[in-house]
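Following: one structure in structure tokens, then a few remarks.
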Amino acid sequence: LDDDIVASPGLVEAHISARRQRPEALLLGRLDQRPPRRRDPYAQAAAVRWNRRYEELAERRADWADCYGANFSAPLEKLRRVGGFDEGLPAVEDLELGYRLARAGCEVVYLPAAGAVHDDEKPGGRILAHERRYGAWCARFAAEHPDAHPRLLGWFGDSTPREILLRRALLALRVPP
């Protein structure tokens, strides 16, 4: 858990129970993003997008790209074998660890009962800065690991033709986020 996470009363029990049933799994708990208390339209939209992601996760199979370190557990032996978090990464070390754990044989399992609230009060500007670092990391990581490309960058094509055209036009015009 991260330091800005408020655990639900059943979080630890849900992880322990699932670990007994699936000892080799990478277990992901639900993380609800609390909307900011101040008026910040971008931060509010980011909270809605974050929460929608977990609603969608309940409808599909989880994978390594869903691994946010703020609420997950993994088998200790596998964590040791893959070397734990890469402290040299400037961002997204949890996704990179999820990738290595999945490649080491951990099935990724979503645990909606292991809920928590992410209460970071990050302003929109900091969220955008993080998104830029995340995007740069995705491009580098996908270049180094071609099998990760569809999961990290393939979403661009999973839109309507109109949305793709609009995105490409905005990118060509260098319109900032």
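The values are calculated or read from the model by the stated rules, or taken from the named source; none is laboratory data. Nothing here was measured: the structure is a model prediction, and the numbers come from that model. Glycine also receives a Cβ, built like all others from the backbone with ideal geometry; neighbour counts cover every protein chain displayed. When the accessible area is computed, the model is the full protein with side chains, heavy atoms only, and any ligands, DNA or RNA have been set aside. Shrake-Rupley method; radii C 1.70, N 1.55, O 1.52, S 1.80 Å.
Side notes on the structure shown:
- Averaged per residue, segment 76-122 has 49 square angstrom of accessible surface, using a 1.4 angstrom probe with ligands and nucleic acids left out.
- Within the chain, antiparallel bridges make up roughly 40 percent of the DSSP beta bridges whose residues both belong there.
- When a 1.4 Å probe is rolled over the protein heavy atoms, the share of accessible surface on segment 65-177 that falls to carbon and sulfur comes to 58 percent.
- Unit charges at the beta carbon, dipole of the chain: most positive-side option, Phe85, Leu152, Pro112: Leu152
- For Rg/Rh (Cα atoms, Kirkwood Rh), the candidate list reads [x] 0.97; [y] 1.21; [z] 1.64; the entry that matches the value derived from this model is [x].
- The residues neighbouring Arg34, those whose beta-carbon lies less than 10 Å from its own, together hold a net charge of -4 under the Lys/Arg +1, Asp/Glu -1 convention.
- A straight chain from Asp94 to Leu76 at 0.36 nm per residue would run longer than the Cα-Cα distance by 4.9 nm.
- Among the trypsin sites (Lys or Arg not before Pro) found in segment 88-177, those both in a DSSP coil and sparsely packed, with 15 or fewer other Cβ atoms within 10 Å of their Cβ, are Arg174.
- Trypsin sites (Lys or Arg not before Pro) within segment 50-84, DSSP loop, no more than 10 other Cβ atoms inside 10 Å: Arg60, Arg61
- Around the Cα centre of the chain, unit charges on the Cβ atoms of Lys, Arg, Asp and Glu (plus for the first two, minus for the last two) sum to a dipole of about 500 debye.
- Near the amide H of Asp32, within less than 5 Å, lie the amide hydrogens of Ala116, Val117, His118, all on another chain or at least 5 residues away, with H placed in the peptide plane.
- Sparse-neighbour loop sites [GluC sites (Glu not before Pro); segment 31-108; at most 12 other C-beta within 10 Å; DSSP]: Glu59, Glu87
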